[in-house]
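The values are calculated or read from the model by the stated rules, or taken from the named source; none is laboratory data. Keep in mind it's a predicted model, so treat the numbers as computed, not measured. In this analysis, Cβ positions are derived from the backbone assuming ideal geometry, glycine residues included, and neighbour counts consider all displayed protein chains. Note: areas computed on protein heavy atoms with side chains; ligands, DNA, RNA excluded. Shrake-Rupley method; radii C 1.70, N 1.55, O 1.52, S 1.80 Å.
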Amino acid sequence: MNTITTDTWKDRFGASVMRSLATPQLMLERGEGCYVWDVDGKQYLDFLAGIAVNSLGHAHPVLVDAVSQQIRTLAHVSNYFATPSQLELAERLCRLTGAGEAGRVYFGNSGAEANEAAFKLARLNRGNGSRTRIIALNNSFHGRTMGSLALTGKPPMREPFEPMPGGVEHIDTSTELLEETIDDTVAALFVEPIKGEAGVLDLPAGYLKRARELTEKHGVLLILDEIQTGIGRTGRWFGFEHAGITPDAITLAKGMAGGVPIGALVTFGWASELFTRGQHGSTFGGNPLATTAANAVLGEIEQAGLVANAAARGGQLRASIRSIDSELIGELRGSGLLIGVGLTEPVAEAVASACLDNGLIVNAPNDSSIRIAPPLIVGDAEITEFQRRFQAALAALASA
Ligand SMILES: Cc1ncc(COP(=O)(O)O)c(C=O)c1O
């Protein structure tokens, strides 16, 4: 019998889980579609999807069946052996990204690991030894491991763990600064197509196009962190497609396997030739269980037209937010089903908390932004329900 209730679990969590994590507000027990239930049986509409992870929502039968079948058949074999699902996924990612036959894929287990691989790729672009600099953006987020943290443009996250791996410089996000910074001493430029953790911040118009021109001219790798923006989330398969450019590499994780841990670095063209045998690897990376999960998720996204759904539902969701009469709602940012609601006052934590009280999961990436990232399967009924719950949460806050 399940004896965990809201009254009992928080103390146990506080005592046993590493203090690097704050004690969460809810303990969730099960999910189905766009809904989850806590240990007290309360239902929530999940418009965060594990931060852009549960692409197919919760307990989707296609994913459940694929993973169940695979774990009965072959869960893990090490990288001494190939497996059909790994090969299928590598080829599928080369096709979906447009990297095609010149593309290659490295598999890890998380976004941070995908960026670690990308960091190592950047180090391999040395030219004649003069390319020593890696450029990343202020306010960016690339993960919590040492390499991905070195890339992350948030000094308070980095400082307790200094010294960082060297050579990374952070710049503000303007095309003028790109023009000043990108030259033949740079090995790589790292950019998120939309800065998710910073509050779903869009890049300035034309930024990626100019970044592509400058990096191409100077032999610099353009590496896009698509960990949050990839896999259909923005209404295109990958964020870079909105800019009409081709990067040299992208990193993926989050939504790729619908909740089963996986990460990937996909290289395009000449970047595919940089790694040589023995230079990188991971015990679990690309194992049959995770790659089967990813194939199931990507196959379902293709088959059910969920990228187009993300584009259409994103528009619908924006209109539904706009129709809410609340002075707190400011600008809407992001693309497709990655939406940042800019608030007119720095009360995002209180808004997210009022949403929870009203049975709605969203989050507050900073003081004045709410992030909304529902599963890609979201439909009319869930959007109507979202509007009702979000409106109720904002009204409750206004009258508090
Ligand atoms: C853009 C981006 N890069 C990297 C990461 C790190 O991914 P992970 O938490 O899987 O290591 C995240 C996670 O939020 C992210 O949003």
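Close contacts from the stretch 95-124, counting a first residue that is part of a helix (DSSP H, G or I) and a second that is among the basic types (K, R) and modelled with pLDDT of 95 or more, with Cβ to Cβ under 7 Å and a gap of 6+ residues or different chains, come to G111/K254; A112/R144. Within the stretch 86-103, can one find any residue that is more than 25 Å from T283 (Cα to Cα), touching a Cys at 6+ places or on another chain (Cβ under 8 Å), away from the ligand (no atom under 13 Å from the Cβ) and not basic (K, R)? Yes, the conditions are met somewhere in the stretch 86-103. Taken over the stretch 168-190, residues that are more than 12 Å from I134 (Cβ to Cβ) and within 16 Å of the ligand (Cβ to nearest atom) amount to 1. Evaluation of A296 against the conditions (1) open to solvent by 20 Å² or more (accessible area, probe 1.4 Å); (2) within 30 Å of A264 (Cβ to Cβ) shows that the sole unmet condition is (1). Highlighted here are the strands (runs of 3 or more DSSP E) found entirely within the stretch 254-353 that include at least 1 residues which are under 17 Å from P374 (Cβ atoms), more than 16 Å from the ligand (Cβ to nearest atom) and at pLDDT 95 or above: 329-335, 338-343.
Among E179, E197, E216, which is the only one that is open to solvent by 10 Å² or more (accessible area, probe 1.4 Å) and more than 19 Å from I245 (Cβ to Cβ)? Please lay out each step first, then the result.
Details: E179 fails: more than 19 Å from I245 (Cβ to Cβ); E216 fails: more than 19 Å from I245 (Cβ to Cβ).
Result of the check over E179, E197, E216: E197.
When you check L332 against the structure, is it without any contact (Cβ under 8 Å) to a residue 24 or more places away in the chain, in contact with a helix residue (DSSP H, G or I) (Cβ under 9 Å, 6 or more places away or on another chain) and open to solvent by less than 50 Å² (accessible area, probe 1.4 Å), yes or no? Criteria met by L332. Of everything listed in (1) part of a helix (DSSP H, G or I); (2) open to solvent by 20 Å² or more (accessible area, probe 1.4 Å), the single unmet condition for P365 is (1).
If I filter the stretch 35-74 down to residues being among the small types (G, A, S) and open to solvent by 10 Å² or more (accessible area, probe 1.4 Å), which single residue comes out as nearest to S353 (Cα to Cα)? The selected residue is G50.
Among the residues here, T234 qualifies as within 16 Å of the ligand (Cβ to nearest atom) and of a type outside the set (D, E, K, R).
Which members of the stretch 136-164 meet the condition of being polar (S, T, N, Q), open to solvent by 10 Å² or more (accessible area, probe 1.4 Å) and within 9 Å of the ligand (Cβ to nearest atom)?
Narrowing the stretch 136-164 to residues polar (S, T, N, Q): 138-140, 145, 148, 152.
Right, trim to open to solvent by 10 Å² or more (accessible area, probe 1.4 Å) and you get 138-139, 145.
Result: T145, single match.
Say we look at the stretch 368-400 and pick out the residues that are of a type in the set (V, I, T) and within 23 Å of A257 (Cβ to Cβ); which of these is most open to solvent (accessible area, probe 1.4 Å)? Filtering first and then ranking leaves I377.
Suppose we filter S78, S110, S85 for residues that are open to solvent by less than 70 Å² (accessible area, probe 1.4 Å), among the polar types (S, T, N, Q) and at positive phi; which single one remains? Give the derivation first.
Numbers: S110 fails: at positive phi; S85 fails: at positive phi.
Answer to the selection: S78.
Which residue, of T234, T283, T251, is among the hydroxyl-bearing types (S, T, Y), open to solvent by 10 Å² or more (accessible area, probe 1.4 Å) and in contact (Cβ under 8 Å) with a residue 24 or more places away in the chain? Before you say what the answer is, go through the steps one by one.
Working: T234 fails: open to solvent by 10 Å² or more (accessible area, probe 1.4 Å); T251 fails: open to solvent by 10 Å² or more (accessible area, probe 1.4 Å).
From the options T234, T283, T251, the qualifying one is T283.
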